[in-house]
Amino acid sequence: MNKSVLDFLMPQWNGAADGGLQLVVALLLLALVIGLPLLLARSARPAQWEARLGALTGGRLALPAPTTPEELSQAVATAPERWAQVAPGMVLMLGLLGSFIGLGLALGDTAAVLGPQQAPGALAAVIDALGAKFRMATWGILAYLILKICITLSAREQARLAWSVSTLRRLDAEQAHARAQLEAQDRQRLIDAITHSGNALVAAQQAEAQRAHLRHAELMDALQRQTARSS
């Protein structure tokens, strides 16, 4: 019964179903604890968030007006970041599930040990084995703490939120610049239309004045001819 903490935490392969269960649970927890922080380090980057934003908006990088930084942060989160939000709870539940399954398997074998023909030493061995079933729950708790610490220290959530704030500001500035350009173009078109209309009016007035001048000249010429015939 004199066992160290390290001996308690190490998986025990005894060839039974419980040994296989411990190995599976240990491998799953180890894969999550090691793999998830590595995936976060690769995927939780501004370039990935920008690509996600482009995919969500069809490359236009235009967002609805009431979009908040928190909404944008959740929208551009990559798959590893989404898994990181639920992984600590998953590893904790996985460890508890493994422990309860192991306890169920062990309790199924206690009837024979508790019979009158068994030695007290056998009962002690079973009790010791039942205590070891909590090993997987301990793994789950340790994995939960490790993931929580890694995720907190990496500050990926805060970095993505800060990126979302700066991105919204940048998009707002770009949209304001685009609106200003459109307004300037509209004003220029209006000025061009007014100028064109003014030029057309001046040309029409000049043509009318020229026709009036010709009519006046023709009238004066007719009067001169009439005067010449009268004299």
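Ranked by the mean number of other Cβ atoms within 10 Å per residue, highest first, peptides 140-147, 207-214 order as 140-147, 207-214.
Quick one: dipole size for the stretch 127-221, taken about the Cα centre, charges +1 on Lys/Arg Cβ and -1 on Asp/Glu Cβ, in debye to the nearest 20. If you can, show how the numbers build up before the last one.
Working: 12 positive and 10 negative charges, 194 e Å.
I would put it at about 940 debye.
Couplings for the stretch 40-53, taken from phi via the Karplus curve 6.51 cos²θ - 1.76 cosθ + 1.60 with θ = phi - 60°, read 5, 5, 7, 9, 7, 9, x, 5, 5, 5, 5, 5, 4, 5 Hz in order; Gly and Pro are left as x. Once the Cα-Cα distance is subtracted from the 0.36 nm per residue extended length, the residue 154 to residue 47 segment shows a gain of 36.8 nm.
Where only protein heavy atoms count, and the probe is 1.4 Å, what is the accessible area per residue for the stretch 144-188 in Å²?
69
The values are calculated or read from the model by the stated rules, or taken from the named source; none is laboratory data. For clarity, every value in this text was computed on a predicted model and none was experimentally measured. Counting neighbours? That spans all protein chains shown, and the Cβs are built from the backbone with ideal geometry, glycine included. Just the protein is used for accessible areas: all its heavy atoms, side chains included, with ligands, DNA and RNA removed. Shrake-Rupley method; radii C 1.70, N 1.55, O 1.52, S 1.80 Å.
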